[in-house]
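Below is one structure, written out as structure tokens, with a few remarks after it.
The values are calculated or read from the model by the stated rules, or taken from the named source; none is laboratory data. What you see is a predicted model, and the numbers here were worked out from it, not measured in a lab. Cβ sites come from the backbone with ideal geometry, for glycine too, and all protein chains shown count toward neighbours.
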């Protein structure tokens, strides 16, 4: 009993911990090195250039589990995301941007985006683009393709376009309010926060359905996206493994392992997606099945091993997840060393 109470106390403490804030400022660097420090931070996302000698920039960032939140202010600069950078970085998130001040003009293919104060737009980091900004302040919300598969066609259909319509003001006000209070939020607040942003985005993107066919053609060009789509569609299949994926994709094992290298490997990726699918079902108030039944549906035939894997992945047990309606988020105490590590962090099996 004492062990149970101790574990419960530990879980409650994790839930009440404030979200870790990661900060960056050019002001701690010598003047000649300030822009280089900023460019190095952004290097996994864009190649940045700036004609100014004395460049100022600062950022606040929060890991929200299935989303990542960044608030920035920086001087004018040019930026470019090339095909080569996309391939090297392994980052293909979507980016929801709220511009609080300043302007930007950017181009993606034949699409030109003019962003003004108050503008909201969606960008795919799987597509090349370039642009320039004035001195500006923005809030960015990064959304991983792995965690928002159901929104993929809508988000890609809205790529490099301003969000318009009645929901624009609702989302803008929500983000502005969030920016004021996010520093006081705890891990326990994340389920409501992430679900709220997802629901708002889904409503705002509904008018973009007409562009989804074009978006699907673009995404189909990505081998990684094809492989991920196949995995998501076959999570319940007992035959899902690197061999069946390779055969379906007509891809060698070597190529497949290379694609998923930054995500901990193919087997690790499959296990994590299955655990996340189980997690979503376990915390679903409308799903009253036994945890063991849900686990078995996704290929976990050993209940004890499933519980150990679940605990290693999320930091709490399946029973605790159901009881506390947790969101599949385990705080990482140590700040990531790079921006890429922050966005692509893979929880170790502990």
Exercise. Residues 269, 258: which one is in a helix (DSSP H, G or I), more than 20 Å from the chain's Cα centre (by Cα), within 25 Å of residue 152 (Cα to Cα) and not assigned by TED's automatic domain parsing to the domain that holds residue 187?
Worked result: 258
Exercise. Does residue 8 qualify as being in the same structural domain as residue 180 (by TED's automatic domain parsing) and at pLDDT below 90?
Worked result: no
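The rows are residues; the columns are (1) outside the structural domain of residue 142 (by TED's automatic domain parsing); (2) at pLDDT 90 or above; (3) touching a helix residue (DSSP H, G or I) at 6+ places or on another chain (Cβ under 7 Å).
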site	(1), (2), (3)
35	no, yes, no
39	no, yes, no
46	no, yes, no
51	no, no, no
54	no, no, yes
68	no, yes, yes
Problem set entry | Given (1) within 23 Å of residue 128 (Cα to Cα); (2) touching a residue at least 24 places away in the same chain (Cβ under 8 Å); (3) more than 13 Å from the chain's Cα centre (by Cα); (4) surrounded by fewer than 18 Cβ atoms within 10 Å (Cβ to Cβ), index of the condition residue 90 fails | (3)
For this session: Just one of (1) within 23 Å of residue 42 (Cβ to Cβ); (2) part of a helix (DSSP H, G or I); (3) touching a helix residue (DSSP H, G or I) at 6+ places or on another chain (Cβ under 9 Å) trips up residue 142, so point out which.
Result: (2)
Problem set entry | Yes/no for residue 110 being in contact with a helix residue (DSSP H, G or I) (Cβ under 6 Å, 6 or more places away or on another chain) and without any contact (Cβ under 8 Å) to a residue 40 or more places away in the chain | no
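Results for (1) loosely packed, with under 15 Cβ neighbours inside 10 Å; (2) assigned by TED's automatic domain parsing to the domain that holds residue 311; (3) touching a strand residue (DSSP E or B) at 6+ places or on another chain (Cβ under 9 Å); (4) at pLDDT 90 or above, shown as yes or no for each residue.
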| site | (1), (2), (3), (4) |
| --- | --- |
| 204 | no, no, yes, no |
| 210 | yes, no, no, no |
| 235 | no, yes, no, yes |
| 276 | no, yes, no, yes |
| 283 | no, yes, no, no |
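Within the stretch 71-80, identify whether any single residue is surrounded by fewer than 21 Cβ atoms within 10 Å (Cβ to Cβ) and in contact with a helix residue (DSSP H, G or I) (Cβ under 7 Å, 6 or more places away or on another chain), and answer yes or no.
First pass over the stretch 71-80, keeping only residues surrounded by fewer than 21 Cβ atoms within 10 Å (Cβ to Cβ): 71-73, 75-76, 78-80.
Checking the rest, the ones that are also in contact with a helix residue (DSSP H, G or I) (Cβ under 7 Å, 6 or more places away or on another chain) come to 71.
Yes, the conditions are met somewhere in the stretch 71-80.
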For this session: Answer yes or no: is there a residue in the stretch 15-29 that is at pLDDT 95 or above, under 30 Å from residue 149 (Cβ atoms) and in contact with a strand residue (DSSP E or B) (Cβ under 6 Å, 6 or more places away or on another chain).
Result: no
Seminar exercise, completed: Matching residues in the stretch 17-66 (within 22 Å of residue 262 (Cα to Cα) and in a loop (DSSP other than H, G, I, E, B)) number 7
Problem set entry | Boolean, residue 313 is surrounded by 14 or more Cβ atoms within 10 Å (Cβ to Cβ), closer than 22 Å to residue 147 by Cα and modelled with pLDDT of 95 or more | no
Seminar exercise, completed: Of the residues in the stretch 119-139, those that are without any contact (Cβ under 8 Å) to a residue 60 or more places away in the chain, part of a loop (DSSP other than H, G, I, E, B) and surrounded by fewer than 19 Cβ atoms within 10 Å (Cβ to Cβ) number 2
Exercise. Here are some conditions: (1) in contact with a strand residue (DSSP E or B) (Cβ under 9 Å, 6 or more places away or on another chain); (2) not in a strand (DSSP E or B). Residue 87 meets all but one. Which one does it not meet?
Worked result: (1)
